[in-house]
1. Where the second residue is acidic (D, E) and at pLDDT 95 or above and the first is not assigned by TED's automatic domain parsing to the domain that holds K157 and lies in segment 114-128, which pairs have Cβ atoms under 8 Å and are six or more apart or on separate chains?
2. Out of the strands (runs of 3 or more DSSP E) lying entirely within segment 163-208, which hold 1 or more residues that are loosely packed, with under 15 Cβ neighbours inside 10 Å?
3. Counting just the residues of segment 59-75 that are at pLDDT 95 or above and not hydrophobic (A, V, I, L, M, F, W, C), which one comes out surrounded by the most Cβ atoms within 10 Å (Cβ to Cβ)?
4. Assuming R41 fulfils every condition listed in (1) surrounded by fewer than 19 Cβ atoms within 10 Å (Cβ to Cβ); (2) within 27 Å of G171 (Cα to Cα); (3) charged (D, E, K, R) apart from one, which condition is it?
5. Is it true that some residue in segment 78-98 is surrounded by 20 or more Cβ atoms within 10 Å (Cβ to Cβ), touching a helix residue (DSSP H, G or I) at 6+ places or on another chain (Cβ under 8 Å) and on the phi > 0 side of the Ramachandran plot?
6. If you take the residues of segment 87-136 that are at pLDDT 95 or above and basic (K, R), which of them is farthest from D218 (Cα to Cα)?
7. In this structure, is R134 out of contact with any Asp or Glu (no Cβ under 9 Å at 6 or more places or on another chain) and loosely packed, with under 14 Cβ neighbours inside 10 Å?
8. Would you be able to tell me the number of residues in segment 132-148 that are of a type in the set (D, E) and in a strand (DSSP E or B)?
Amino acid sequence: MSSAASLVLAVPKGRIQKELMPVLARVGVKPEAAFADPDSRQLQFATNHPGLSIVRVRSFDVATFVAFGAAQLGVAGNDVLMEFDYPEIYAPLDLGIGHCRLAVAEPAALVASDDPRRWSHVRVATKYPGITRRHFAERGVQAECIKLNGAMELAPKLGVCRLIVDLVSTGRTLKENGLVEVEQIADVTSRLVVNRTALKTRAREIRSWIDRFREAADAAAA
């Protein structure tokens with residue numbers, strides 16, 4: 001466990017971590033070597049800054065760790081922020097990484113005969129039930145959500161549901177599973193997120209890190 005004096009940065013495993021590495025380098029943060037090993041079971045990592053450590057968790061858990069103050073800083077996609085809508089989280093900066101979109105998809109065989117404008121009730125497999133219900137409710141459509149954490153594309157194929165709501169990057173996974181994107185809900189990128197209480201109580205330290213990340217993001221975008 002980190003000492004009270006240390007700040008903790010929560011980052012997601014997988015693709016976003018890889019895209020984050022150059023950002024951390026521009027910020028001047030060098031994690032210990034095990035952080036770069038995707039097979040490492042280590043969860044917390046020291047950095048070249050004695051007052052900053054990194055924890056590596058699932059993408060959805062970043063928001064929870066930051067919201068409850070276990071981490072003062074984090075990197076989270078706006079899909080996660082939209083799903084949980086934690087009031088304790090402040091997202092001051094778009095890091096410009098993790099580009100993808102949150103979309104509705106259905107089997108290609110149904111597209112020709114299906115009209116989304118006529119939907120009144122839909123059954124949807126997703127790990128985003130909150131976003132999904134709100135999206136369809138805005139159109140007066142009742143969404144019955146089936147919570148799945150992976151293998152979403154199998155659900156229509158096996159008769160669990162007709163629609164899925166999931167992240168889409170290239171669309172290749174959808175195509176390989178006979179699905180077609182029919183609606184886009186939101187563009188998604190990764191944001192620097194901050195615990196609001198920590199921002200008040202440790203303003204100088206945390207604002208310094210926000211400024212560093214902003215400079216790094218601006219440099220990458222230039």
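1. none
2. Per the criteria, 179-188.
3. G74
4. (2)
5. Among the residues of segment 78-98, at least one is surrounded by 20 or more Cβ atoms within 10 Å (Cβ to Cβ), touching a helix residue (DSSP H, G or I) at 6+ places or on another chain (Cβ under 8 Å) and on the phi > 0 side of the Ramachandran plot, which makes the answer yes.
6. By that ranking, first place goes to R123.
7. No; evaluated as a whole, the condition is false for this residue.
8. Final tally of qualifying residues: 1.
The values are calculated or read from the model by the stated rules, or taken from the named source; none is laboratory data. Values in this document were obtained by computation on a predicted structure and should not be read as measured data. Cβ coordinates were reconstructed from backbone atoms using ideal geometry, including for glycine residues, and neighbour counts include every protein chain displayed.
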